[in-house]
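The values are calculated or read from the model by the stated rules, or taken from the named source; none is laboratory data. Everything numeric here is computed off the predicted structure, so don't read it as measured data. When we count neighbours, we look across all protein chains shown, and the Cβ atoms used for this are built from the backbone with ideal geometry, even at glycine.
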Amino acid sequence: MATNRKLGRTTDIRKAMLKSLTTDLLVYGKVETTLARAKEVKSIADSLISLAIKEKDNFEEVEVKVTTAKLDSKGHKETELVKSKNGKEYLKVVKETKMEKRQKDMPTRLNARRKMIRKLNKVKDAEGKNIDVPSMLFNEIAPKYAGKNVGGFTRIVKAGPRRGDGAEVAILQLV
């Protein structure tokens, strides 16, 4: 017996479609699609959320030395005039070093993060900044469902037939 639906697509196109639907569901909280696609995405999303719940507290705080460019009052990089060995002058960016606390994933959490990255797309927000979806899963979504660990994190609501082709439409949402 086949474990997953083919959805009338070739493997690569089907995987890409499921990846983007799953990503949209986790980023926006709900997605409208056909019933068959919703059922496929539900299983993927539920497994990712349960993985995030299992590994959400599996990290350690570490002090890291961070070197960044020094910025002036306008937010531009500060530069200084420096002379090279052969007598030429050039502008060099002024660097500043400081200690910062960061989260370091333990090996099982790192593996979970990699599994998530395999099932999700990279996303940018309205300003063009990257959204770290695995971190969002660990820090925002997993604590919401911390009590549950068997599934049922998503809900499928049937929305009737689609006007153009009569396909059964469903709204898939996080509970």
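So here's what we get for this one:
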quantity	calculated
Selection from region 96-138 of residues that are under 30 Å from THR79 (Cβ atoms) and hydrophobic (A, V, I, L, M, F, W, C)	MET99
Residue match in region 91-106 (condition: exposed (fewer than 15 other Cβ atoms within 10 Å of the Cβ) and assigned to a helix (DSSP H, G or I))	no
Residue pairs meeting the criteria (Cβ under 9 Å; at least 6 apart or on separate chains; first loosely packed, with under 10 Cβ neighbours inside 10 Å, in region 61-76; second of a type in the set (Asp, Glu))	GLU63/GLU100; LYS65/GLU100; THR67/GLU96
Residue within region 79-98 that is modelled with pLDDT of 90 or more, under 25 Å from the mean Cα position of the chain (by Cα) and among the hydrophobic types (A, V, I, L, M, F, W, C) present	no
Some residue of region 130-140 being loosely packed, with under 10 Cβ neighbours inside 10 Å, under 10 Å from the mean Cα position of the chain (by Cα) and at pLDDT 90 or above	yes
Any hit, region 55-73, residues being assigned to a helix (DSSP H, G or I) and modelled with pLDDT under 95	yes
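Condition check ((1) in a helix (DSSP H, G or I); (2) touching a residue at least 12 places away in the same chain (Cβ under 8 Å); (3) within 18 Å of LYS115 (Cβ to Cβ)) across all residues:
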site: ASN4; (1), (2), (3): no, yes, yes
site: GLY8; (1), (2), (3): no, no, no
site: LYS15; (1), (2), (3): yes, no, yes
site: SER20; (1), (2), (3): yes, yes, yes
site: ALA38; (1), (2), (3): yes, yes, no
site: VAL41; (1), (2), (3): yes, yes, yes
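Matching residues to (1) over 11 Å from LEU174 (Cα atoms); (2) out of contact with any Gly (no Cβ under 7 Å at 6 or more places or on another chain); (3) of a type in the set (D, E, K, R):
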site: LYS15; (1), (2), (3): yes, yes, yes
site: LYS19; (1), (2), (3): yes, yes, yes
site: VAL27; (1), (2), (3): no, yes, no
site: THR33; (1), (2), (3): yes, yes, no
site: LYS39; (1), (2), (3): yes, yes, yes
site: ILE44; (1), (2), (3): yes, yes, no
site: ALA52; (1), (2), (3): yes, yes, no
